[in-house]
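Asker: There's a structure below that I have some questions on.
The values are calculated or read from the model by the stated rules, or taken from the named source; none is laboratory data. This one's a predicted model, so the numbers in the text were calculated from it and none came from an experiment. Every residue, glycine among them, receives a Cβ derived from its backbone with ideal geometry; neighbour counts consider all protein chains shown.
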Amino acid sequence: MHFHVNSIMNFATGDTYHEGRGLLRNMQGAARAAGAEFVAGDVVELSGRYPQFRVKTSPSYRTDDKSEYKAKILLIATGTARKHPQVDGKWRSWLPVANAGNAAFYCPDCEAPLCKDKEVLVVNTGTVGSALHVANSLTRFTDIGKIQILMTEDAYVPFETQDLSKLEDSPFSWTQGIIKSVEFPRIGVVQYVTLADRRRLRANVFFVAFVDEARSELAQQIGVEIDKKGNILTDHRGKTNIEGVWAAGDVRAITQQVAMAVGTGNYAGLMMNQFLGNEREVGQEFDHPDYRRALHID
């Protein structure tokens, strides 16, 4: 039996569970070690065409950068916007919970197992359907009696249009209200949501049933095609309809998992490298059909 012993450079590994911020820092560290540079900026405008695109940034609450950058090609990896619950009318007031780690979960496919045997408050910011989807996913890991649904009346989908009869027919206890404050004195053990009518809901953890929107507005500024949900349309390599523009990650119509997103980024990166690095080889013959198409060889 032979083993592959060459160094593996392009696969992040380690513990089986990562906090998102920690995993991101590890990946950025690996990229910096390979020579990548990072600029923190709030991009507000894309313009131009291959081979000269312009990227404008503007100051935001996170960065003071106000610049115009030029690029020969673009990779758009702007992801999706997951709508947080509102606390006293402001979604930013939920961020301390979202950033606490294991206080609020979002992905039933990925994070429902972390709720094993816990009391869970499903905080709904979308539709009855999204709330029930999350609650049903949790039943594989905790008792139905430990799952409660909170329908927020200031949800991003108008509350008055919701079919609440589906909740009445479900096996889950549920209530409705507007969140006034949130407390998490012992993360994953004791957490509270206080409603505007002063009721206090207790749980071990929160699970957000959210509305998400593809962040494809910038791509649309330069004519990139999207589907009905706003996801960027690409071929299987990540190439868009605009020459010199690729897309990767959750802004595409993919299952929203890190491994999926990383895979699309890797594929797009390979194709971009071939696009940039083989201009003198146009007209030559290649064995691999993907390689031929990347070089526009018929």
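Asker: Hey, could you check the range 78-97 for residues that are surrounded by fewer than 17 Cβ atoms within 10 Å (Cβ to Cβ) and under 15 Å from G126 (Cα atoms) and say which is farthest from the chain's Cα centre (by Cα)?
Answerer: Ranking the qualifying residues of the range 78-97, first place goes to W91.
Asker: Please pick out the residue among M260, M272 that is hydrophobic (A, V, I, L, M, F, W, C), touching a residue at least 24 places away in the same chain (Cβ under 8 Å) and more than 24 Å from P96 (Cα to Cα).
Answerer: Result of the check over M260, M272: M272.
Asker: With respect to N266, is the statement that it is touching a residue at least 12 places away in the same chain (Cβ under 8 Å) and within 15 Å of T80 (Cα to Cα) true?
Answerer: So N266 fails the test.
Asker: Moving on to the next point. Starting from residues that are of a type outside the set (A, V, I, L, M, F, W, C) and in contact (Cβ under 8 Å) with a residue 24 or more places away in the chain, keep the ones in the range 218-233 and report whichever is farthest from Y50 (Cα to Cα).
Answerer: K229
Asker: Quick check: anything in the range 41-57 assigned to a loop (DSSP other than H, G, I, E, B) and without any contact (Cβ under 8 Å) to a residue 40 or more places away in the chain?
Answerer: Yes, the range 41-57 has at least one match.
Asker: A33: on the phi < 0 side of the Ramachandran plot, in contact with an Asp or Glu (Cβ under 8 Å, 6 or more places away or on another chain), exposed (fewer than 12 other Cβ atoms within 10 Å of the Cβ) and at pLDDT below 95, yes or no?
Answerer: Here the answer is no, as A33 does not meet what is asked.
Asker: While we're here: Could you say which residue among L74, L167 is in contact (Cβ under 8 Å) with a residue 60 or more places away in the chain and crowded, with 16+ Cβ neighbours inside 10 Å? I'd like the intermediate steps shown before the answer.
Answerer: On the way: L167 fails: in contact (Cβ under 8 Å) with a residue 60 or more places away in the chain.
Going through L74, L167 in turn, the sole match is L74.
Asker: With outside any loop (DSSP other than H, G, I, E, B) and over 30 Å from G249 (Cα atoms) as the only criterion, which of P171, P185 stands out? Step through it out loud before you land on a result.
Answerer: Working: P171 fails: outside any loop (DSSP other than H, G, I, E, B).
Within the list P171, P185, the selection yields P185.
Asker: Here is a further query. If you go through the range 210-221 one residue at a time, do you hit one that is crowded, with 17+ Cβ neighbours inside 10 Å, among the hydroxyl-bearing types (S, T, Y) and out of contact with any Cys (no Cβ under 6 Å at 6 or more places or on another chain)?
Answerer: yes
Asker: May I pose another question? G145 passes all but one of (1) without any contact (Cβ under 8 Å) to a residue 40 or more places away in the chain; (2) outside any helix (DSSP H, G or I); (3) surrounded by fewer than 15 Cβ atoms within 10 Å (Cβ to Cβ); which number fails?
Answerer: The number of the failed condition is (2).
Asker: Quick one: Y61 ticks every box in (1) surrounded by 13 or more Cβ atoms within 10 Å (Cβ to Cβ); (2) outside any strand (DSSP E or B); (3) of a type outside the set (D, E); (4) outside the structural domain of D197 (by TED's automatic domain parsing) bar one, so which box is it?
Answerer: Among (1) surrounded by 13 or more Cβ atoms within 10 Å (Cβ to Cβ); (2) outside any strand (DSSP E or B); (3) of a type outside the set (D, E); (4) outside the structural domain of D197 (by TED's automatic domain parsing), Y61 violates only (1).
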